[in-house]
Amino acid sequence: MPFRANPWFSCNAAIAGIVMLAIVARPAHAQTFHAVTVEPFVIITDFPFPQAPQVRDHLVSLGERLHAELGLKPVRETVKIYLLKSPERYQKLLLAVMPQLQVGDTQRHGVFLRRRGEMPAMFVLWSDRVGTVLRHEFTHATLSANVANPSIWLDEGIASYYEAESLAAANLYRETLEPRLAASSAWTPDLARLERLRQMPEMGPMEYAESWSWIRFLLSGPPEVRDLLPKYLAQAASDNNPRPLSASLSRIYSSPATPLSDQWRHHFTASSEPSKRSTNSK
Ligand SMILES: [Zn+2]
């Protein structure tokens, strides 16, 4: 789940920074925080964490994959990673930095924040899915370093795709889509609808799952679509109004004999994998 710079954030950024420092430093919390620099990260934890170099290596490796598969440049700036075991401290920190968050947002296991004039920051609650959440949020960090204002579906779709280490481990979203497909033959995926979404609250579980499925279709679908996403991202890096991916896909599948939704459905159903729940990070 990313939060982008906007006027509210800009005018409150300095205040939020002070509050965050207070939470980390105030003796009343009687909590020792640990900060380790493993470039390009500063990892801040509320418990001793000797595995920081392994986390760095894992995320740098993911960055190399994002470069190889999507053409995204590796993150060069320092990224703060707050990795907390205490749910109470985690929620308190999120609300101190982003007071406008809803209670439901603080239940998420991961949040990425980029604000003008501040280091980008990942907030991650320790859990048995911590690796998945770190990969999801780091993908947001990498994409946001390349594309200033990615559309919501694209941002979440790419992060959801790369949060899994392999396609076989990414079945949460498949499990979300399958009942909808089975329940209604009238339902069809609609990328143009996703492209019109502008607010995070519009992204429900179905929207996450469908966004994931479109990224998956673009990266592992028919050969004729596989270069669209890297080309789109390269254009989006310098152009705030790139041609929508739905338009590029519609041009490829302009024949009535090969409608896009049929191509999507064929790819989705043909690539069946054993179900295995993976994550709830956003
Ligand atoms: Zn996300």
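A short reminder: the numbers here are calculations on the coordinates, not readings from a lab. Only a predicted model underlies this, so the values are computations on that prediction, with no experimental measurement involved. Quick reminder, even Gly has a Cβ in these numbers, built from the backbone with ideal geometry, and neighbours come from all protein chains shown.
Inter-part distance, the range 151-221 to the range 114-129, computed on C-alpha centroids, equals 23 Å.
Where does each of Phe123, Phe33 land when they are ranked from fewest to most other beta-carbon atoms within 10 angstrom? Walk me through the numbers on the way to the answer.
Numbers: Phe123 27, Phe33 15.
So the ranking, lowest neighbour count to highest, is Phe33, Phe123.
Taking other C-beta atoms within 10 Å as the exposure proxy, Arg115, Arg76 rank Arg76, Arg115 from fewest upward.
Run the numbers for Lys92 and Ala192: contour at 0.36 nm per residue of separation, minus the present Cα-Cα distance, in nm.
Result for the pair: 32.3 nm of gain on full extension.
Please go through the range 145-234 and write out the chymotrypsin sites (Phe, Trp or Tyr not before Pro) that DSSP classes as loop and that have at most 15 other C-beta atoms within 10 Å. Listed in order of number, the matching sites are Trp187. Straightening the chain between Met119 and Ser255 buys 44.2 nm, computed as 0.36 nm per residue apart minus the Cα-Cα spacing. Going from the residue with the fewest nearby Cβ atoms within 10 Å to the one with the most, Asp128, Asp155, Asp190, Asp57 rank Asp128, Asp57, Asp190, Asp155.
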